[in-house]
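The values are calculated or read from the model by the stated rules, or taken from the named source; none is laboratory data. Keep in mind the model is a prediction, meaning the values are calculated, not measured. Methodologically, a virtual Cβ is constructed for each residue, glycine included, from the backbone with ideal geometry; neighbour enumeration extends over all protein chains shown.
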Amino acid sequence: MKYARWVRRAGLPGVAALAAAAVALGSSGAQASLVPTTLSSSGITFATQAVAGSSGGGSVTIGIAPANFQGAAIVYTNVCGAVAAATTANVTFTLPAGVTFGAPSPTAAGDGAVFGPAAPSATTGGTGSNFVTFTFSAATCAAIGNVGTVTLSAFSLVGASQLASTTIAGQFQMTATTSAGTAALTAAIGDTAGAKNSLAQSASALTFGALAPTTGTPAIDITSPGGFGSKFIQAGVDSTVGDAGALTTTANATLATAADSAAFAPPTTTNVLITGNFSNSTLVLLAGASVQALTCGSAPSGTTGTVVGNIATFSNVTIGAGTKNYEVCVVSVATAGKNLIGAQTAGLPIALTAAGATGGGALIGYTYNGSVQQILYSGNFNTTGYPLVERLTNNTSSAVSPTVLVVPDSGTAGNTTLAAIPAGANEVLLASAIVTASGAVPDTTGRVTLIYLTPGSVCVNNGGGPACSVSVSQFVLNPSGVISTWGSGAAP
């Protein structure tokens with residue numbers, strides 16, 4: 001398979017068109033004196049997939065022929081700096097390390113004003129080497145300012161797979177050296193602006209990233225009527241659906257050339273992987289659209305992700321031509337008064353599996369709009385054993401009234417809102433009283449979990465210390481009067 005066809009003409013933003021560097025030819029005695037002007041290149045951009053997947057470590061074509069590969073020629077230009085006798089000059093072109101010339105060996109032509117009139121001959125290097133040297137007859141500089149150029153023919157590169165990771169200008173340099181019996185002076189392709197200084201670059205045919213939701217960051221609403229952690233609140237509206245933003249993709253079909261009958265085609269499908277905490281929630285991916293969706297809606301219609309562990313996978317997502325936006329909707333499956341939507345303490349990283357896809361980023365993270373404290377019971381909860389006691393500390397400057405969700409191992413869950421705790425005050429309550437007030441009906445094991453929800457500063461399981469609206473701990477009072485700390489719990 002040939003990979004030279006995955007190219008496009010230079011001139012688009014970010015493509016290396018490569019020009020303007022300094023090369024000089026020293027002079028002594030009667031030798032021609034050449035003053036440096038420019039070394040410019042084709043500026044071709046290749047598809048990452050084409051270069052990375054090519055056999056033999058990467059084989060691509062640079063130059064102006066055949067017509068498919070419509071980059072500018074590699075041109076080295078000199079200007080006469082002083083009147084001097086005719087002489088010969090060697091011009092050497094050197095490729096980046098690890099890259100060699102393919103077959104056939106490249107040729108060059110001189111314009112005759114300075115280099116010529118006889119055609120140059122390749123004396124060393126070429127196929128299998130990372131350099132090629134041409135010998136010219138340098139004409140007498142009859143007048144200062146006469147211009148001479150050496151134009152390199154189209155040529156193939158072997159080992160160009162390193163182009164697959166070369167997307168920054170200046171990383172894939174070619175140099176030219178001129179010598180006429182004096183010290184050789186070398187210059188790399190480049191320009192003073194620093195924007196066009198590579199022999200060639202690689203660009204992925206599929207790039208991706210993430211966009212923030214248009215309606216602002218969602219939060220898991222622990223208040224009523226927010227459903228006590230079973231709904232999202234976004235733009236002031238409670239809903240079982242939250243909008244985490246959009247996956248955006250760009251399929252760069254312009255890497256193909258119309259003259260190439262086997263032009264490069266970007267991938268048509270990819271798997272999308274999103275990492276996060278999807279406890280009591282699912283993800284739905286809306287179909288791609290050129291304009292980002294303003295909202296997910298109350299019942300999003302799209303592809304539901306398959307969650308394994310902390311990764312949600314969307315298989316064979318269709319990638320549309322150009323730029324497409326795929327809104328990511330988080331749908332709650334939590335039961336109000338029993339369990340909570342899992343929070344994202346950071347963003348949700350996204351990844352695509354299409355070959356050579358480049359990019360990254362994360363969808364927006366979301367958490368609770370208050371304090372969530374969880375106590376897990378490990379013993380037989382009843383009123384005849386040692387009493388379990390809850391200690392609550394109000395860390396705020398105003399009274400607060402936590403809501404407690406009581407969730408048995410099985411049986412009927414319930415909830416209750418506690419009496420207001422004054423600002424800065426502590427309160428001790430019997431756990432049995434909270435369970436009774438909630439209306440929960442534990443099973444025969446008597447085991448329950450208590451989840452305290454308090455509007456205010458965001459905090460999970462006392463992780464914010466005094467910054468939490470309410471801190472909660474639990475202990476058991478032994479008949480001897482010894483207090484033992486009980487209870488533990490990871491974040492919901």
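See the values below:
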quantity: Selection within segment 404-436 - among the hydroxyl-bearing types (Ser, Thr, Tyr) and at pLDDT 95 or above; calculated: none
quantity: Any strands (runs of 3 or more DSSP E) falling wholly within segment 190-280 and containing at least 3 residues that are modelled with pLDDT of 90 or more and either surrounded by 17 or more Cβ atoms within 10 Å (Cβ to Cβ) or touching a Lys or Arg at 6+ places or on another chain (Cβ under 9 Å) (or both); calculated: 206-211, 219-221, 231-234, 241-251, 269-275
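Residues checked against (1) farther than 22 Å from Phe228 by Cβ; (2) surrounded by 17 or more Cβ atoms within 10 Å (Cβ to Cβ):
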residue	(1), (2)
Glu390	no, yes
Asn395	no, yes
Val435	no, yes
Ser438	no, yes
Val441	no, no
Pro466	yes, no
